[in-house]
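Working notes, structure below.
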Amino acid sequence: MNKPEVTAFFDETTKTISYIVSDPISKACAVVDSLLDYEAASGRTHTTSVDRLIDFAREAELHVEWIIDTHVHADHLTAAPYVKAQLGGRTAIGEHIASVQRVFAEVFNEGQSFHTNGTQFDHLFKDGETYHVGNIEANAIHTPGHTPACMVHLIGDAAFVGDTLFMPDFGTARCDFPGGDAHQLYQSIQKIYQLPLSTRLFTCHDYKAPGRDQFAWESTVIEQKTNNIQAHKGISEKAFVEMRNARDAKLAMPELIIPSVQVNMRAGNMPEPETNGKRYLKIPLNTL
(Lines give C-alpha, C1' and ligand atoms only; values in the text may rest on other atoms or scores of the structure.)
Protein backbone atom coordinates (compact mmCIF):
# COMPACT_ATOMS: atom_id res chain seq x y z
CA MET A 1 0.00 0.00 0.00
CA ASN A 2 1.76 3.18 -1.14
CA LYS A 3 -1.13 5.52 -1.85
CA PRO A 4 -2.04 7.71 1.13
CA GLU A 5 -5.26 9.64 1.34
CA VAL A 6 -4.54 13.37 1.05
CA THR A 7 -6.96 15.98 2.37
CA ALA A 8 -6.21 19.64 1.64
CA PHE A 9 -7.21 22.68 3.70
CA PHE A 10 -6.96 25.97 1.80
CA ASP A 11 -6.61 29.36 3.50
CA GLU A 12 -7.52 32.09 1.04
CA THR A 13 -6.03 34.92 3.13
CA THR A 14 -2.48 33.59 2.84
CA LYS A 15 -3.09 31.29 -0.15
CA THR A 16 -1.71 28.44 1.96
CA ILE A 17 -2.61 24.78 1.64
CA SER A 18 -2.19 22.52 4.68
CA TYR A 19 -2.56 18.77 4.41
CA ILE A 20 -3.56 15.69 6.33
CA VAL A 21 -1.81 12.67 4.81
CA SER A 22 -3.25 9.43 6.11
CA ASP A 23 -2.80 5.69 5.84
CA PRO A 24 -6.36 4.41 5.23
CA ILE A 25 -5.55 1.03 6.80
CA SER A 26 -3.94 2.05 10.10
CA LYS A 27 -5.61 5.49 10.36
CA ALA A 28 -2.21 7.01 11.16
CA CYS A 29 -1.54 10.41 9.58
CA ALA A 30 0.86 13.28 9.17
CA VAL A 31 -0.07 16.97 9.20
CA VAL A 32 1.95 18.98 6.68
CA ASP A 33 2.38 22.78 6.77
CA SER A 34 -0.30 23.70 9.29
CA LEU A 35 -1.42 27.33 9.59
CA LEU A 36 -2.11 29.64 12.54
CA ASP A 37 -4.28 32.63 11.63
CA TYR A 38 -2.59 35.98 12.32
CA GLU A 39 -4.06 39.48 12.16
CA ALA A 40 -1.19 41.81 11.35
CA ALA A 41 -2.99 45.02 12.34
CA SER A 42 -3.76 43.85 15.87
CA GLY A 43 -1.05 41.25 16.45
CA ARG A 44 -3.71 38.71 17.39
CA THR A 45 -3.68 35.03 16.51
CA HIS A 46 -6.60 32.63 16.23
CA THR A 47 -7.16 29.04 15.23
CA THR A 48 -10.15 29.15 12.88
CA SER A 49 -8.26 27.62 9.95
CA VAL A 50 -6.41 24.88 11.79
CA ASP A 51 -9.52 23.93 13.77
CA ARG A 52 -11.08 22.74 10.50
CA LEU A 53 -8.13 20.39 10.07
CA ILE A 54 -8.33 19.21 13.68
CA ASP A 55 -12.08 18.60 13.45
CA PHE A 56 -11.55 16.53 10.31
CA ALA A 57 -8.86 14.40 12.00
CA ARG A 58 -11.09 13.74 14.98
CA GLU A 59 -14.15 12.91 12.92
CA ALA A 60 -12.11 10.52 10.77
CA GLU A 61 -10.61 8.99 13.94
CA LEU A 62 -7.08 9.60 12.68
CA HIS A 63 -3.97 9.22 14.84
CA VAL A 64 -1.38 11.96 14.25
CA GLU A 65 2.18 10.66 14.14
CA TRP A 66 3.96 13.60 12.51
CA ILE A 67 3.45 17.39 12.34
CA ILE A 68 5.78 18.45 9.54
CA ASP A 69 6.82 21.84 8.24
CA THR A 70 8.49 21.65 4.85
CA HIS A 71 10.57 24.74 5.71
CA VAL A 72 10.58 27.92 7.81
CA HIS A 73 7.65 29.70 6.19
CA ALA A 74 7.92 33.43 5.52
CA ASP A 75 4.27 33.99 4.64
CA HIS A 76 2.27 32.32 7.41
CA LEU A 77 2.65 31.13 10.98
CA THR A 78 2.79 27.41 11.65
CA ALA A 79 0.20 25.94 14.01
CA ALA A 80 2.39 22.95 14.90
CA PRO A 81 2.35 23.41 18.70
CA TYR A 82 -1.43 23.81 18.70
CA VAL A 83 -1.92 20.70 16.57
CA LYS A 84 0.36 18.75 18.91
CA ALA A 85 -1.55 19.93 21.98
CA GLN A 86 -4.88 18.94 20.41
CA LEU A 87 -3.99 15.73 18.60
CA GLY A 88 -0.52 14.61 19.67
CA GLY A 89 2.28 13.78 17.24
CA ARG A 90 5.89 14.86 16.81
CA THR A 91 6.87 18.24 15.34
CA ALA A 92 9.52 18.00 12.65
CA ILE A 93 11.52 19.96 10.09
CA GLY A 94 14.72 19.50 8.10
CA GLU A 95 18.03 19.45 9.98
CA HIS A 96 19.28 22.54 8.15
CA ILE A 97 16.88 24.61 10.25
CA ALA A 98 19.98 25.42 12.30
CA SER A 99 21.46 27.55 9.50
CA VAL A 100 18.17 29.46 9.14
CA GLN A 101 18.04 30.02 12.89
CA ARG A 102 21.59 31.38 12.96
CA VAL A 103 20.83 33.91 10.23
CA PHE A 104 17.59 35.17 11.74
CA ALA A 105 18.86 35.08 15.32
CA GLU A 106 21.22 37.82 14.17
CA VAL A 107 18.53 39.68 12.21
CA PHE A 108 16.25 39.79 15.26
CA ASN A 109 19.09 40.13 17.79
CA GLU A 110 17.99 37.08 19.75
CA GLY A 111 19.70 36.51 23.07
CA GLN A 112 21.61 33.44 24.22
CA SER A 113 18.39 31.83 25.42
CA PHE A 114 17.43 31.23 21.77
CA HIS A 115 19.10 28.02 20.65
CA THR A 116 20.23 27.71 17.04
CA ASN A 117 20.44 23.92 16.88
CA GLY A 118 16.84 23.02 16.04
CA THR A 119 16.03 21.63 19.49
CA GLN A 120 12.70 23.47 19.48
CA PHE A 121 11.44 20.66 17.22
CA ASP A 122 10.86 17.07 18.28
CA HIS A 123 12.66 15.67 15.24
CA LEU A 124 15.06 16.94 12.57
CA PHE A 125 14.94 15.06 9.27
CA LYS A 126 18.18 14.23 7.48
CA ASP A 127 18.45 14.11 3.70
CA GLY A 128 17.41 10.68 2.48
CA GLU A 129 15.92 9.66 5.82
CA THR A 130 13.21 7.01 5.68
CA TYR A 131 10.27 7.08 8.08
CA HIS A 132 6.68 5.84 8.11
CA VAL A 133 3.15 7.22 8.30
CA GLY A 134 1.34 4.18 9.57
CA ASN A 135 2.26 1.40 7.12
CA ILE A 136 3.25 3.80 4.34
CA GLU A 137 6.95 4.41 3.77
CA ALA A 138 8.07 8.01 3.51
CA ASN A 139 11.31 9.74 2.56
CA ALA A 140 12.72 13.18 3.34
CA ILE A 141 14.55 14.87 0.46
CA HIS A 142 16.66 17.99 1.05
CA THR A 143 15.71 20.59 -1.59
CA PRO A 144 17.47 23.87 -0.79
CA GLY A 145 17.19 26.99 -2.93
CA HIS A 146 14.14 28.78 -1.61
CA THR A 147 15.63 28.42 1.89
CA PRO A 148 18.56 26.30 3.11
CA ALA A 149 16.25 24.04 5.14
CA CYS A 150 13.59 23.17 2.54
CA MET A 151 12.64 19.51 2.28
CA VAL A 152 10.27 17.57 0.06
CA HIS A 153 8.45 14.76 1.85
CA LEU A 154 7.60 11.78 -0.32
CA ILE A 155 4.89 9.81 1.48
CA GLY A 156 3.95 6.81 -0.62
CA ASP A 157 3.16 8.18 -4.08
CA ALA A 158 2.54 11.74 -2.81
CA ALA A 159 5.29 14.37 -2.55
CA PHE A 160 4.80 17.54 -0.53
CA VAL A 161 7.05 20.12 -2.15
CA GLY A 162 6.54 23.16 0.06
CA ASP A 163 7.37 26.30 -1.92
CA THR A 164 9.94 24.66 -4.22
CA LEU A 165 7.39 24.26 -7.01
CA PHE A 166 4.07 25.98 -7.53
CA MET A 167 1.47 24.86 -10.07
CA PRO A 168 2.96 24.51 -13.58
CA ASP A 169 1.31 27.72 -14.83
CA PHE A 170 2.86 29.73 -11.97
CA GLY A 171 6.39 28.38 -11.79
CA THR A 172 8.84 28.11 -8.92
CA ALA A 173 9.83 29.60 -5.58
CA ARG A 174 11.75 32.83 -5.07
CA CYS A 175 15.39 32.55 -4.00
CA ASP A 176 16.17 35.99 -2.56
CA PHE A 177 15.63 35.23 1.14
CA PRO A 178 18.78 34.90 3.30
CA GLY A 179 20.43 31.63 2.33
CA GLY A 180 18.40 31.26 -0.86
CA ASP A 181 20.17 30.30 -4.08
CA ALA A 182 18.74 29.91 -7.59
CA HIS A 183 21.43 27.41 -8.60
CA GLN A 184 20.46 25.21 -5.67
CA LEU A 185 16.77 25.56 -6.50
CA TYR A 186 17.40 24.36 -10.05
CA GLN A 187 19.25 21.30 -8.76
CA SER A 188 16.53 20.63 -6.19
CA ILE A 189 13.86 20.69 -8.88
CA GLN A 190 15.87 18.13 -10.85
CA LYS A 191 15.72 15.86 -7.78
CA ILE A 192 11.94 16.11 -7.83
CA TYR A 193 11.87 15.41 -11.55
CA GLN A 194 13.74 12.13 -10.95
CA LEU A 195 10.77 10.75 -9.00
CA PRO A 196 8.36 8.45 -10.88
CA LEU A 197 6.43 10.47 -13.46
CA SER A 198 3.07 9.65 -11.89
CA THR A 199 4.11 10.88 -8.43
CA ARG A 200 1.51 13.29 -7.09
CA LEU A 201 2.97 16.69 -6.16
CA PHE A 202 1.28 18.92 -3.58
CA THR A 203 2.27 22.58 -3.22
CA CYS A 204 2.08 24.76 -0.11
CA HIS A 205 0.69 27.82 -1.91
CA ASP A 206 -1.31 28.73 -4.98
CA TYR A 207 -1.72 32.27 -6.28
CA LYS A 208 -4.01 31.42 -9.21
CA ALA A 209 -1.99 32.25 -12.30
CA PRO A 210 -3.49 34.75 -14.77
CA GLY A 211 -6.16 33.10 -16.87
CA ARG A 212 -6.98 30.39 -14.33
CA ASP A 213 -10.29 30.71 -12.49
CA GLN A 214 -9.81 28.16 -9.70
CA PHE A 215 -7.20 27.66 -7.02
CA ALA A 216 -5.25 24.43 -7.43
CA TRP A 217 -2.48 22.58 -5.60
CA GLU A 218 -2.04 19.11 -7.06
CA SER A 219 0.01 18.16 -10.10
CA THR A 220 2.34 15.31 -11.12
CA VAL A 221 6.01 15.03 -11.96
CA ILE A 222 5.24 14.62 -15.66
CA GLU A 223 2.95 17.66 -15.65
CA GLN A 224 5.63 19.79 -14.02
CA LYS A 225 8.43 18.56 -16.29
CA THR A 226 6.31 19.19 -19.37
CA ASN A 227 4.46 22.38 -18.50
CA ASN A 228 6.18 24.34 -15.71
CA ILE A 229 6.60 27.79 -17.22
CA GLN A 230 9.90 28.40 -15.43
CA ALA A 231 11.38 24.93 -14.90
CA HIS A 232 10.23 22.76 -17.80
CA LYS A 233 12.40 19.96 -19.13
CA GLY A 234 15.18 21.31 -21.31
CA ILE A 235 15.71 24.69 -19.66
CA SER A 236 19.37 25.12 -18.76
CA GLU A 237 20.56 25.95 -15.27
CA LYS A 238 22.06 29.20 -16.58
CA ALA A 239 18.79 30.31 -18.20
CA PHE A 240 16.79 29.36 -15.12
CA VAL A 241 19.10 31.23 -12.74
CA GLU A 242 19.07 34.36 -14.89
CA MET A 243 15.28 34.29 -15.07
CA ARG A 244 14.81 33.58 -11.35
CA ASN A 245 17.24 36.26 -10.19
CA ALA A 246 15.71 38.88 -12.50
CA ARG A 247 12.20 38.11 -11.23
CA ASP A 248 13.25 38.04 -7.59
CA ALA A 249 14.83 41.48 -7.87
CA LYS A 250 11.36 42.91 -8.56
CA LEU A 251 9.49 41.14 -5.73
CA ALA A 252 8.45 42.79 -2.48
CA MET A 253 8.93 40.99 0.82
CA PRO A 254 5.95 38.84 1.91
CA GLU A 255 3.57 40.79 4.13
CA LEU A 256 3.93 38.41 7.06
CA ILE A 257 7.65 37.64 6.85
CA ILE A 258 8.57 39.43 10.09
CA PRO A 259 6.12 37.68 12.43
CA SER A 260 6.27 34.41 10.50
CA VAL A 261 10.00 33.86 10.68
CA GLN A 262 10.26 34.80 14.36
CA VAL A 263 7.56 32.28 15.27
CA ASN A 264 8.37 29.52 12.79
CA MET A 265 12.06 29.33 13.65
CA ARG A 266 10.82 28.57 17.18
CA ALA A 267 8.77 25.61 15.89
CA GLY A 268 5.63 27.74 16.17
CA ASN A 269 6.20 28.87 19.73
CA MET A 270 5.98 32.56 20.60
CA PRO A 271 8.91 34.49 22.11
CA GLU A 272 9.22 34.28 25.87
CA PRO A 273 7.08 36.80 27.81
CA GLU A 274 8.81 39.93 29.07
CA THR A 275 8.69 41.31 32.62
CA ASN A 276 5.11 42.53 32.17
CA GLY A 277 3.93 39.06 31.15
CA LYS A 278 3.35 40.01 27.50
CA ARG A 279 5.02 38.53 24.44
CA TYR A 280 6.46 40.72 21.69
CA LEU A 281 7.63 40.37 18.10
CA LYS A 282 10.40 42.63 16.85
CA ILE A 283 10.46 44.72 13.67
CA PRO A 284 14.00 45.18 12.33
CA LEU A 285 14.13 48.47 10.46
CA ASN A 286 15.77 48.76 7.03
CA THR A 287 17.07 45.20 7.23
CA LEU A 288 14.98 42.79 5.14
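Conditions: (1) more than 16 Å from the chain's Cα centre (by Cα); (2) outside any loop (DSSP other than H, G, I, E, B); (3) over 21 Å from residue 174 (Cβ atoms). Residue 116 meets all but one. Number of the miss?
Here residue 116 meets the rest and fails (2).
Being modelled with pLDDT of 95 or more, within 22 Å of residue 270 (Cα to Cα), part of a strand (DSSP E or B) and not polar (S, T, N, Q): is that true of residue 93 here?
Here the answer is yes, as residue 93 does meet what is asked.
Within the range 199-222, identify whether any single residue is assigned to a helix (DSSP H, G or I), in contact with a Pro (Cβ under 7 Å, 6 or more places away or on another chain) and either surrounded by fewer than 16 Cβ atoms within 10 Å (Cβ to Cβ) or small (Gly, Ala, Ser) (or both), and answer yes or no.
no
Of all residues in the range 234-253, how many are surrounded by 12 or more Cβ atoms within 10 Å (Cβ to Cβ) and either modelled with pLDDT under 95 or over 21 Å from residue 75 (Cβ atoms) (or both)? Can you show your working first?
Filtering the range 234-253 down to residues surrounded by 12 or more Cβ atoms within 10 Å (Cβ to Cβ) leaves 235, 237, 239-245, 247-248, 253.
Narrowing further to those that are either modelled with pLDDT under 95 or over 21 Å from residue 75 (Cβ atoms) (or both): 235, 237, 239-243, 253.
Number satisfying all stated conditions: 8.
Could you list all residues from the range 187-201 that are in contact with a strand residue (DSSP E or B) (Cβ under 9 Å, 6 or more places away or on another chain) and closer than 28 Å to residue 257 by Cβ?
If the condition is that a residue be in contact with a strand residue (DSSP E or B) (Cβ under 9 Å, 6 or more places away or on another chain) and closer than 28 Å to residue 257 by Cβ, then 188, 189, 191, 192, 201 are the ones that fit.
Examine the range 190-198 for a residue that is touching a Leu at 6+ places or on another chain (Cβ under 9 Å) and at pLDDT 95 or above, and state whether such a residue exists.
yes
If I filter the range 52-59 for residues that are buried (at least 20 other Cβ atoms within 10 Å of the Cβ) and touching a residue at least 60 places away in the same chain (Cβ under 8 Å), do I get at least one hit?
Looking through the range 52-59, none of the residues is buried (at least 20 other Cβ atoms within 10 Å of the Cβ) and touching a residue at least 60 places away in the same chain (Cβ under 8 Å).
From the set of residues in the range 266-287 that are touching a residue at least 12 places away in the same chain (Cβ under 8 Å) and of a type outside the set (Gly, Ala, Ser), which is nearest to residue 35 (Cα to Cα)?
Of everything passing the filter in the range 266-287, 269 is nearest to residue 35 (Cα to Cα).
Quick one: in the range 1-60, which of the residues that are in contact with a Leu (Cβ under 9 Å, 6 or more places away or on another chain) and among the aromatic types (Phe, Trp, Tyr) is nearest to residue 157 (Cα to Cα)?
19
When you scan the range 206-215, do you find a residue that is at negative phi, of a type in the set (S, T, N, Q) and under 22 Å from the mean Cα position of the chain (by Cα), even just one?
Of the range 206-215, the ones at negative phi are 206-207, 209-210, 212-215.
With the extra rule that they be of a type in the set (S, T, N, Q), the set shrinks to 214.
If we keep only those that are under 22 Å from the mean Cα position of the chain (by Cα) as well, we get 214.
Scanning the range 206-215, I find at least one residue that is at negative phi, of a type in the set (S, T, N, Q) and under 22 Å from the mean Cα position of the chain (by Cα), so the answer is yes.
Applying the selection to the range 13-31, what residues are without any contact (Cβ under 8 Å) to a residue 60 or more places away in the chain and either surrounded by fewer than 21 Cβ atoms within 10 Å (Cβ to Cβ) or over 13 Å from residue 160 (Cβ atoms) (or both)?
Of everything in the range 13-31, those that are without any contact (Cβ under 8 Å) to a residue 60 or more places away in the chain and either surrounded by fewer than 21 Cβ atoms within 10 Å (Cβ to Cβ) or over 13 Å from residue 160 (Cβ atoms) (or both) turn out to be 13, 24.
The values are calculated or read from the model by the stated rules, or taken from the named source; none is laboratory data. Quantities reported herein were computed from a predicted structural model and do not represent experimental measurements. As a convention, Cβ positions derive from the backbone with ideal geometry for all residues, glycine included, and neighbour counts pool all protein chains shown.
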